[in-house]
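The values are calculated or read from the model by the stated rules, or taken from the named source; none is laboratory data. Predicted model only: the values in this text are computed from it and were never measured. Every residue, glycine as well, gets a Cβ built from its backbone with ideal geometry; the counts of neighbours run over all protein chains shown.
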Amino acid sequence: MKIYTKTGDKGTTALFGGKRVSKADLRIDTYGTVDELNAWIGMLRDQEVNRNRVSDLIEIQDRLFTIGSILATEPGNTKVKVPSLADGDVSFLERAMDEMDTRLEPMRFFVLPGGHPSISVGHVARTVCRRAERLVNALDSQEKVDPLVIQYLNRLSDYLFMLCRMMTHELGVTETPWKPRM
């Protein structure tokens with residue numbers, strides 16, 4: 001199979017099910033952003049501080065491929081077999097956050113992203129996740145999206161924030177509080 005098909009040379013692409021749409025379509029932007037998020041999770045997985053979380057991050061990447069498949073499927077097409085999310089996927093993130101929370105000091109202030117390259121990668125992933133979530137919500141206002149997709153992305157951005165705090169703790173970096181000028 002060749003990597004190039006030339007079918008997108010005129011600015012369109014095919015959804016699962018065959019329907020062709022503009023590459024500028026909100027649906028394409030949405031699952032493209034989920035794909036971008038998946039790449040950032042891969043970068044996060046490659047950080048030495050996360051060596052004990054590789055399997056969790058691979059699990060998250062697999063779920064993001066599932067979400068991409070769901071979003072890339074032509075609405076109403078029941079002939080295409082697509083993987084699905086489960087409530088347990090959200091619970092997985094919640095359990096991981098609860099475990100991290102037991103090891104961290106309570107939040108007392110907003111923190112500035114950064115402090116170490118690995119933490120910065122995590123914050124970029126978190127913000128891309130928030131963008132993906134906004135795009136999914138925009139798509140949902142046009143045509144119904146599986147509510148579990150919205151819930152998973154919302155919980156994932158929370159997980160990524162907690163992971164950044166956990167990496168800060170493990171790397172011995174001081175969280176820099178945001179001190180608003182008044």
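So how many residues does region 146-182 have that are assigned to a helix (DSSP H, G or I), free of Cβ contacts under 8 Å to residues at least 24 places away in the same chain and among the small types (Gly, Ala, Ser)?
0
Of the numbered criteria (1) over 29 Å from Pro117 (Cα atoms); (2) of a type outside the set (Val, Ile, Thr); (3) surrounded by fewer than 19 Cβ atoms within 10 Å (Cβ to Cβ), the one Gly42 fails is (1). Just so you know, in region 83-104 the residues that are of a type outside the set (Gly, Ala, Ser) and free of Cβ contacts under 8 Å to residues at least 60 places away in the same chain include one that is surrounded by the most Cβ atoms within 10 Å (Cβ to Cβ), and it is Phe92. In region 64-79, the condition of being loosely packed, with under 13 Cβ neighbours inside 10 Å, of a type in the set (Ser, Thr, Tyr) and over 20 Å from Val121 (Cβ atoms) is met by at least one residue.
Given Glu175, Glu170, Glu133, which one is over 23 Å from Asp46 (Cα atoms), of a type in the set (D, E, K, R) and touching a helix residue (DSSP H, G or I) at 6+ places or on another chain (Cβ under 7 Å)?
Only one candidate qualifies: Glu133.
Under the condition of being assigned to a loop (DSSP other than H, G, I, E, B), small (Gly, Ala, Ser) and touching a strand residue (DSSP E or B) at 6+ places or on another chain (Cβ under 9 Å), the residues counted in region 55-89 number 1.
Being among the charged types (D, E, K, R), over 15 Å from Met166 (Cα atoms) and within 19 Å of the chain's Cα centre (by Cα) is the filter here; which residues of region 64-117 pass it? Passing the criteria: Asp87, Asp89. Considering the conditions (1) farther than 23 Å from Arg27 by Cβ; (2) assigned to a helix (DSSP H, G or I); (3) of a type in the set (Lys, Arg), Arg130 is excluded by exactly one of them, (1). Selection of region 10-54 for residues being modelled with pLDDT under 90 and outside any loop (DSSP other than H, G, I, E, B) yields Thr12, Thr13, Ala14, Phe16, Arg20, Val21, Ser22. Reported count of residues in region 159-182, each being under 18 Å from Arg63 (Cβ atoms) and surrounded by fewer than 15 Cβ atoms within 10 Å (Cβ to Cβ), is 0. All conditions in (1) crowded, with 16+ Cβ neighbours inside 10 Å; (2) out of contact with any Asp or Glu (no Cβ under 9 Å at 6 or more places or on another chain); (3) polar (S, T, N, Q) hold for Ser22, with the sole exception of (1). Among the residues of region 108-115, is there at least one that is aliphatic (A, V, I, L, M), assigned to a helix (DSSP H, G or I), touching a helix residue (DSSP H, G or I) at 6+ places or on another chain (Cβ under 8 Å) and more than 23 Å from Thr12 (Cα to Cα)? Within region 108-115, not a single residue is aliphatic (A, V, I, L, M), assigned to a helix (DSSP H, G or I), touching a helix residue (DSSP H, G or I) at 6+ places or on another chain (Cβ under 8 Å) and more than 23 Å from Thr12 (Cα to Cα). Among the residues of region 105-151, those identified as under 30 Å from Thr73 (Cβ atoms), exposed (fewer than 15 other Cβ atoms within 10 Å of the Cβ) and of a type in the set (Lys, Arg) are Arg134, Lys144.
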